[in-house]
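Undergrad: Structure below; questions to follow.
The values are calculated or read from the model by the stated rules, or taken from the named source; none is laboratory data. Nothing here was measured: the structure is a model prediction, and the numbers come from that model. For neighbour counting, all protein chains shown are included, and Cβ atoms are generated from backbone atoms with ideal geometry for every residue, glycine included.
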There are 2 protein chains.
Amino acid sequence: MAGVAHVVVDWGTSSFRLWALDGDGRVLGERRSAQGLAASGAEGFEAVLEDHLAALGIGEGVPVMMCGMVGSRAGWVEAAYVDTPTRLDDLVRRAVTVPSASRRICILPGLAQRDPSQPDVMRGEETQLLALAQESFDGIACLPGTHSKWVAMDGGDVTRFATFITGELFQLLRSGSVIAPAVAGAGDANPLDAAFALGVGEGLGSPETLSAALFRLRASWLLAATAPSAGLSRLSGLLIGAELAGAARLFGDLRAVALVASGPLARAYRVAFETAGIADPVLFEAEGCARAGLHAAALAAFSRERSVA
Amino acid sequence: MAGVAHVVVDWGTSSFRLWALDGDGRVLGERRSAQGLAASGAEGFEAVLEDHLAALGIGEGVPVMMCGMVGSRAGWVEAAYVDTPTRLDDLVRRAVTVPSASRRICILPGLAQRDPSQPDVMRGEETQLLALAQESFDGIACLPGTHSKWVAMDGGDVTRFATFITGELFQLLRSGSVIAPAVAGAGDANPLDAAFALGVGEGLGSPETLSAALFRLRASWLLAATAPSAGLSRLSGLLIGAELAGAARLFGDLRAVALVASGPLARAYRVAFETAGIADPVLFEAEGCARAGLHAAALAAFSRERSVA
C-alpha cells in the first residue's frame, strides 16, 4: 500500500482497530477484529499486528502508534501511567517503544489520578482527549461507555477525571439480576421511548434511590405488566441520569460539555443531556477522535525522527 | 412428636425452614434445607413438606402455616398479594388453603404497593412485620438482605415500603465486574474494618457518585495496592450507605427505626446506623420474627377452627 505515513491502532480489552493513514491523517486502509487483549496474548501481540499489516500490504519500516490496554501490565509492553494533572502533550513524550525488528512501534500511556480521595485510571480514552485538545476544547468532556469517563480539560491540560461504570451496571443488571425478566428481550434501550426520559429524570432527580428504582422495574413488570422493552429503556435512563447527577456533583454545573460518542450511545446521551437541560453540548465522534488523536501522536513522535534521519 | 400445636414454614427461593411449635410458640422441632422453590418444584411441594414432617414424627391433622415464595405464581399455590396500605391482620384473613388430604395447610400472601410511582412487592418479610406489630412497633422497619425492605408501620398498618437491591448489587459486583479483583478474596466484608465505615460515610454523603466510587475501588487497588479485603469492606459500606441515603430520601428523618436482622448483616447495619447517626434502633432478630409472625398467624387461623370444631 503506497502513501502510508504511519499506522495507528486502538487495541483494547475486547477489540482491535487499525488504520493506515497518510501524512494528513486520511484513512488509506483499515482493519477491525475482536482480537482484544485476552485473544491476542495467546497468539502473540507481534504476530497479530504483523498479520493485519501484511493483509493491508504494509511493508517494513512503516511506524505504528498504539493506545489502549495493549499498554497495560497484561498487554504487550507496559506504558506506565502519566499522572494528572498533566498536559496531553506529555502522552507522546512518555510513549514506550516496543522491541521490533521490522519497524518502530510505540504505545501511548494511560492517565492516573493518584489523589487518594479520587483515585482513577484511564487507558485508551486519553487519545480521544488529544483530539479535543487539538480543537482547543476547554470544559468537561463526557466519554460514555462501559466505563464512562468525565474529564475536566483546560488549555490542553487534563486537570482531573472520574469514571462511572454505567455501561457495566447496565449489562450486569440486564443479564444476571432479579430485574432481568423485567428488562428482557431483543434489542437495545431506545432513547426515544418515553420510558428512557422518565428514567433519566428519576436517576438525575433522585440518584440516592437508584437501587430502589431498579427493584421498581421488576415490581412494575409484575404488578402492571410493564413491557420489558420499556423496562430496558427506563433502566438505561435511570443509570445515565444517575451518572449525570454524579458528574454534576463532581464537576459542578455542566456547562461547556463535550460529548465524545458514536452510534446508539451518542443518541442516548444526547437525549439524556436534553432531559437534564445540558445546553448545546459540543459533539465529537468517538472513533474519529481516537484516530485523530493517534494521528497527532504519530506525527509528533515519528516526523521528528524522519526529519532527524 | 407430642405437644405440637402447629407447624410453621418459611419457604423461599433458595431455602426451606420449618419449625414445630407448641401453643405458646415454643420450638419443639426444626428442619432446614436448601430446598427452595427451584429444587422443590421438581420433586413436588407436598412431597418435600411431608418428608420433613415425617422426619420430625408429625402425624396427620397437625396444621401448617407457610409464607414466602411458596405462595408466588411459581410456587405451590398462589396467594395473591394484599395491597398496601393494609392492616397486617389482613394477611391471615387472606391466606390461601392448599389442597391436602392429610392436614390443613395455609400460605400467607405477600404485600403489593400498586402506587404507579412507587410500585413494589414483598413476599416473606411481611410475616416478620406481623411480629413487630405484635410488639406494637410504630416507625420505620429496616429488613436488610439481598433485597432490603424499608417499611413504614403505624398502629399495626403497613402504610408503604421500598425495596433496595443492596445485597444483590454486592454479589453482582464482587463476582462478575471490573472491580472483582479489587474486592476478591476469602470471607465477608468486615464492618469493623475502618474501610467499611469510610464506605458508609461516602455512600451516605455522596450517593449520586456511587458508580464512580465503585470504579475507585479498582483504581485504588491498581494505584495504591489497596488490599482486596479492605476493598470488599468498603464496597459493602458504600452500598449500605447509599441505601441509608435512599431510605432517608423516601422516609424522611430516620428516627424510630427498627433493625430486623441476624448475624453478620445485623452487625454491618448496626455499624452503618451508628456511622449515619441513626440513634438507638430497636433491634429484632430476623429469624425469631419470622417464626413469631408465623406463630401468630397460625394461632389466628387454626385456633378458631379448633374452637369451632
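Undergrad: State which residue is farthest from the chain's Cα centre (by Cα) when the search covers only the stretch B:17-44 and only residues that are buried (at least 20 other Cβ atoms within 10 Å of the Cβ) and modelled with pLDDT under 95.
TA: Per the stated criteria, the residue is B:S40.
Undergrad: If you don't mind, there's one more thing I want to ask. Might you check whether a residue that is part of a loop (DSSP other than H, G, I, E, B) and either within 26 Å of B:M122 (Cα to Cα) or aromatic (F, W, Y) (or both) occurs anywhere in the stretch B:56-71?
TA: The answer is yes; a qualifying residue exists.
Undergrad: How many residues, within the stretch A:117-136, are under 16 Å from A:L250 (Cβ atoms) and either away from every other protein chain (no Cβ under 14 Å) or outside any strand (DSSP E or B) (or both)?
TA: 3
Undergrad: Here is a follow-up. Just need a number here: residues in the stretch A:259-298 that are farther than 25 Å from A:G187 by Cβ and without any contact (Cβ under 8 Å) to a residue 40 or more places away in the chain.
TA: 4
Undergrad: Considering only residues that are assigned to a strand (DSSP E or B) and closer than 20 Å to B:C289 by Cβ, look in the stretch B:76-116 and name the one that is nearest to the chain's Cα centre (by Cα).
TA: B:L111
Undergrad: Continuing with this model, one more query. Take the conditions in contact with a Leu (Cβ under 8 Å, 6 or more places away or on another chain) and more than 10 Å from every other protein chain (Cβ to nearest Cβ) and apply them to B:G246. Does it pass?
TA: Answer is no for this residue.
Undergrad: Quick one: how many residues across the stretch A:244-258 are in a helix (DSSP H, G or I) and either among the acidic types (D, E) or without any contact (Cβ under 8 Å) to a residue 60 or more places away in the chain (or both)?
TA: Qualifying residue count, the stretch A:244-258: 4.
Undergrad: A further question follows. Tell me yes or no: at least one residue of the stretch B:182-199 is β-branched (V, I, T) and within 23 Å of B:A248 (Cβ to Cβ).
TA: no
Undergrad: What do you reckon, is A:E50 surrounded by fewer than 20 Cβ atoms within 10 Å (Cβ to Cβ), in a strand (DSSP E or B), acidic (D, E) and assigned by TED's automatic domain parsing to the domain that holds A:A141?
TA: no
Undergrad: Could you tell me whether A:A141 is touching a helix residue (DSSP H, G or I) at 6+ places or on another chain (Cβ under 9 Å), part of a helix (DSSP H, G or I), under 16 Å from A:A286 (Cβ atoms) and more than 10 Å from every other protein chain (Cβ to nearest Cβ)?
TA: Spelling it out, it is not the case that A:A141 is touching a helix residue (DSSP H, G or I) at 6+ places or on another chain (Cβ under 9 Å), part of a helix (DSSP H, G or I), under 16 Å from A:A286 (Cβ atoms) and more than 10 Å from every other protein chain (Cβ to nearest Cβ).
Undergrad: For the stretch B:221-244, name all the residues that are surrounded by fewer than 24 Cβ atoms within 10 Å (Cβ to Cβ), on the phi < 0 side of the Ramachandran plot and out of contact with any strand residue (DSSP E or B) (no Cβ under 7 Å at 6 or more places or on another chain).
TA: Passing the criteria: B:W221, B:A224, B:T226, B:A227, B:P228, B:S229, B:A230.
Undergrad: Can I ask one more? Search the stretch A:150-188 for residues being farther than 26 Å from A:I140 by Cβ and surrounded by 19 or more Cβ atoms within 10 Å (Cβ to Cβ), and hand back the single one that is farthest from the other protein chains (Cβ to nearest Cβ).
TA: Once the filter is applied, the top-ranked residue is A:V183.
Undergrad: When the residues of the stretch A:207-243 are filtered to those that are under 27 Å from the mean Cα position of the chain (by Cα) and among the polar types (S, T, N, Q), which remaining residue is nearest to B:A245 (Cα to Cα)?
TA: Within the stretch A:207-243, the match that is nearest to B:A245 (Cα to Cα) is A:S211.
Undergrad: Quick one: would you say A:T209 is facing chain B (nearest Cβ under 9 Å) and in a helix (DSSP H, G or I)?
TA: Spelling it out, A:T209 is indeed facing chain B (nearest Cβ under 9 Å) and in a helix (DSSP H, G or I).
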